[in-house]
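Structure first, then comments.
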Amino acid sequence: MIETGARRREIDDVASELFHTNGYAATSVRDIARALDIQGASLYAHVASKEDLLWSIVDRAATVFEEAAERAGADTAGDDPVERLAAIVEAHVEVIAADPEQSSVFVTEWRHLSPERRAAIGARRDDYEQRFRSLIADGQAVGAFARVDPAIAATFLLTALNGIATWYRPDGRLSADRIADHYVDLALRSLSEDHR
């Protein structure tokens with residue numbers, strides 16, 4: 001039976017760390033149980049399957065990214081697409097820095113979901129990417145951004161942003177805020193008319 005609450009979050013967190021470190025395919029239910037210091041069969045008292053763990057992690061991560069993007073849009077005063085893009089880039093970096101393991105699993109391991117779940121997450125990822133495309137197109141409409149394909153530009157930015165999950169360390173050389181500052185600067189420079 002699926003369990004909610006603190007114990008379930010602990011299970012998800014341990015699974016997320018193992019999926020991040022070893023990959024979903026190379027992580028067994030026994031590995032997760034061992035990390036939790038319980039018997040493998042006992043884990044099934046808390047979760048239905050290894051894929052259900054992956055689904056829980058990916059679904060939660062998608063929600064965190066979506067909510068951060070919503071807050072970034074709401075917190076940005078006015079309709080300036082440059083400010084709005086800067087805010088969503090910063091929010092994306094903050095989400096990754098807050099939980100790099102979960103973010104990494106969301107970015108790389110979601111393809112191991114069943115076709116139905118993969119399609120559901122794929123649609124949410126497409127909707128999230130559309131936010132970037134729309135902001136880029138809005139910036140182009142007011143002459144703030146160069147005339148590039150908004151879909152390609154959004155993919156470029158999100159690929160760079162999602163790559164942070166593969167190397168970010170909380171104890172690294174730069175704080176999450178400084179990394180966000182650099183990524184905002186690089187994103188805006190890459191799209192500016194002056195850059196061309």
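The values are calculated or read from the model by the stated rules, or taken from the named source; none is laboratory data. Remember, it's a predicted structure, so these values are computed and weren't measured experimentally. No Cβ is skipped: glycine too gets one built from the backbone with ideal geometry, and neighbour counts run over all protein chains shown. These area figures cover heavy atoms from the full protein model, side chains too; ligands, DNA and RNA do not enter into them. Shrake-Rupley method; radii C 1.70, N 1.55, O 1.52, S 1.80 Å.
Report the extension gain between Ala123 and Asp80 in nm, rounded to one decimal, defined as 0.36 nm multiplied by the number of residues separating them, less their alpha carbon distance. Intermediate results must be reported in sequence, preceding the final value.
Details: separation 43, 0.36 × 43 = 15.48 nm, distance 2.70 nm.
Once the chain is fully extended between Ala123 and Asp80, it gains 12.8 nm.
Working from label points 7 Å from Cα in the Cα-to-Cβ sense, the Arg30 to Ala151 distance is 4.6 nm.
Ligands, DNA and RNA left out, the accessible area of segment 1-154 computed with a 1.4 Å probe is 50% carbon and sulfur. Shape summary: the chain maps onto an equivalent ellipsoid whose semi-axes, from the alpha-carbon gyration tensor, are 35, 17, 14 Å in decreasing order.
List the equivalent ellipsoid semi-axes of segment 150-196 in whole Å, largest first, each obtained as the square root of 5λ for an eigenvalue λ of the Cα gyration tensor. Provide the component values of the computation, followed by the final result.
Numbers: eigenvalues 103, 36, 7 Å².
Equivalent ellipsoid of segment 150-196: 23, 13, 6 Å, largest first.
For a test of the definition: using alpha carbon positions, the gyration tensor, and the 1.5 limit on a/c, classify segment 94-196 as rounded, prolate or oblate. List each step's numbers first, then the result.
On the way: a/c = 2.90, a/b = 1.21, b/c = 2.40.
Oblate, because a/c is 1.5 or more while a/b does not exceed b/c.
Amide H contacts of Ser192 (H built 1.01 Å from N, in plane; Pro and chain starts excluded): Ala146 sit under 5 Å, all sequence-distant by 5 or more or on other chains.
Determine the gain in length on full extension of the stretch Ile38-Arg71; use 0.36 nm per residue of separation and subtract their C-alpha separation, reporting nm with one decimal. Please list the in-between numbers first.
Numbers: separation 33, 0.36 × 33 = 11.88 nm, distance 3.88 nm.
Between Ile38 and Arg71, full extension yields 8.0 nm more.
Accessible surface computed residue by residue for segment 1-99, with neighbouring protein chains in place and a 1.4 Å probe, gives 49 Å² per residue. The sum of -39500 (n - 2.57) across all DSSP H runs of n ≥ 4, divided by the residue count of the chain, sets its helix-only mean residue ellipticity at 222 nm to -24000 deg cm²/dmol.
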